[in-house]
Structure formats: structure tokens, C-alpha cells
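Here's the structure we're looking at; comments come further down.
Derivation of every value follows stated rules applied to the coordinates shown; laboratory data play no part. Here the structure is a predicted model, which is why all the values come from computation and not from measurement. Reconstructed Cβ throughout: ideal geometry from the backbone, glycine too, with neighbour counts over all protein chains shown.
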Amino acid sequence: MSARGSTGEQLVLRAREVRFDWSALPMHWIPGEPQATHTVNALQLLLPEGERWFVQVFKQALPLIRDDRLREDVLGFIGQEAVHAEAHAGVLDHYKAHGLDPGPYTRQTEWIFRTLLGDRDLTGRAKEEWLIERLSLIAAIEHYTAFLGQWMLDARAFDRVGADPVMLDLLRWHGAEEVEHRSVAFDLFQHLDGRYLRRTRAMAVVTPVLLWLLVRGTRFLMSNDPVLGGRTTANWRTAFAAGRRGVLPTPRGAIGEIRPYFARNYHPSQTGSTEQAVAYLATSPAARAAEDPR
């Protein structure tokens, strides 16, 4: 299947060359919610390196694609993910300039994506199998990014509490594109391999690792936050309370997203709203500015 809306129309995936001005971004861009702020920020510690890895792996898969429509979708995915990586890197640069250096944590993510999950000295079938194994992991990760993207589009609590509008636009623009291209990684894996056991095994690996990285990232940011001065630590009670207030996903909502992936007839088009994503992209300040030739 190619990237389509729920009404069946064909989407053309394209990168939007967005720009964001972080000069006025506060350390706690969700007012009164330092831990929720840093939990979302922990994703931004992972995203630049992870999305560059997505691009690298997808480029290696291009010669194996036998379907022209899928190849176009993959090229669109590559363009979007490359822009995502640079947009979130700008946030990290801003935090570093204001006393919160993400380097000790991001160096760990670099090792994961560049060394542990990077290219290996393989040839022939072994090389192709390692490529497909990584594609299965990306398909599983993209299941979560699509869930988070749809959640961001739906989360009105951020508007009620007065979250920073530039950060909200970044997250909702990114989330909308994740929903827009949510089927591509899954379709590519199915096209090149598609084995149910490999697909579900990848999800079983990705889920605890992502949770572990998210918890580590939140704790790192909280303990190094110059505004908090190391006086406040992350804890589960605060995270669950933030979920009840709507500024973080709830555990029930996140767990509920895992189950569908294990259905044999699962496809990402069954979840999320392409129409809602496209509608946001038509109104996003950053996306509209990228379309303006001036």
C-alpha cells in the first residue's frame, strides 16, 4: 500500500523546509510542568540521530524496491525525516546555549545508531538481512512516532496551559508529517520481507528500549536543568499526573497502541487521521512560511 488518506486518495509526500526561531523559548515551555517539558524534550534528544539513521538505512534500501509508487513514498519519507532531524537539532543547540548541554546523553544515542545499529562488514545475503532487520526496527519505531504525532494533534491541554507556540508548532508540524507518512516504513518492510515473526520481534525489542531511553533522557534533563539547579528529580507519580492533565500520553493510551501491531492483518493506515494531519500542515505557521516564496 502507498501513502493514502482514509478516503483513498493518493498522497505525495514532500519535505517542507521549515525554520523555527528559538530565541524566546523558555527552559520549561509547558508552564509549571518541568518534568512533562523534559519528557517531551527527551524525545528531541533521540530524534536527530535516530532520523539520520532512518535516512541512511532507507537510502540503502532504494535499489531493492521493485514498486515505483513505493519508491516515490520512500524518497518523500527520506526528505521529511532529514528536515525533522535538523529542526530538532536546533532545539538542542538552543538548550546548550542556555546552560543545558545535551552532549553526554546524545553521545550515547550516537553510539546506538552509528555503532550498534550501523553498517557492518557484511556482503551478499548477510548484508541484505541486516538491512531488512533494521527496516523492521524502523517500522516498529514509526508505529510509535505515528501514535505520538496523532496524540500531539489531539492534545488541546497544551493550548489551555499556554505552552510555547513555537515549540507547539514544531511538535505538531512534525507529528502531522509522521501521521502523513506513517505507512511508508511498514510498507517497505512488507515489500522486502514481511515475515510476521520478524515484524513482531522488532516491536518486542523496540518497546522496552524506547521506554528505557525516554526515562534516561527525562532524568538526565531534570538533573541538569539549570533552572531547577538539581533540586528536583523525575518520578513516575509526576509523570502519571501529567498524563491525567493531558500534557503527556497516559500509560493506558500508550499500551493500547502496542496491541494492534501484533494483529496479522495490521496496517498503519488503520490508525491516525491523514485528513487531520494535512489540515494542520495547511495552517502550521512554519509550514506556511516554508511555502511563501518571499
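Below are the figures for this structure:
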{"quantity": "ARG237 vs. criteria among the basic types (Lys, Arg), without any contact (Cβ under 8 Å) to a residue 12 or more places away in the chain, at negative phi and surrounded by fewer than 17 Cβ atoms within 10 Å (Cβ to Cβ)", "calculated": "yes"}
{"quantity": "Pairs, first of a type in the set (D, E, K, R) in the range 261-279, second part of a loop (DSSP other than H, G, I, E, B), C-beta under 7 Å, six or more apart", "calculated": "GLU275/GLY5; GLU275/SER6"}
{"quantity": "Subset of the range 91-107 [closer than 17 Å to VAL209 by Cα and free of Cβ contacts under 8 Å to residues at least 40 places away in the same chain]", "calculated": "ARG107"}
{"quantity": "First in the range 17-46 and under 17 Å from GLY230 (Cβ atoms), second anywhere and in a loop (DSSP other than H, G, I, E, B), Cβ under 6 Å, 6 or more apart", "calculated": "MET27/VAL227; PRO34/HIS28; GLN35/ALA234; THR37/HIS28; THR37/TRP29; THR37/ILE30"}
{"quantity": "Output for the range 143-164, where each listed residue is in contact (Cβ under 8 Å) with a residue 40 or more places away in the chain and either of a type in the set (Ser, Thr, Tyr) or under 15 Å from THR37 (Cβ atoms) (or both)", "calculated": "TYR144, ALA155, ALA157, PHE158, VAL161, GLY162, ALA163, ASP164"}
{"quantity": "Members of the range 270-294 that are over 17 Å from the mean Cα position of the chain (by Cα) and either assigned to a loop (DSSP other than H, G, I, E, B) or within 21 Å of ARG198 (Cα to Cα) (or both)", "calculated": "GLN270, SER284, ASP292, PRO293, ARG294"}
{"quantity": "Failed item in (1) out of contact with any helix residue (DSSP H, G or I) (no Cβ under 7 Å at 6 or more places or on another chain); (2) closer than 18 Å to SER183 by Cα; (3) hydrophobic (A, V, I, L, M, F, W, C), with MET27 passing the rest", "calculated": "(2)"}
{"quantity": "Cβ pairs under 6 Å, 6+ apart, first in the range 127-142 and free of Cβ contacts under 8 Å to residues at least 40 places away in the same chain, second of a type outside the set (Val, Ile, Thr)", "calculated": "TRP130/ARG120; TRP130/LEU122"}
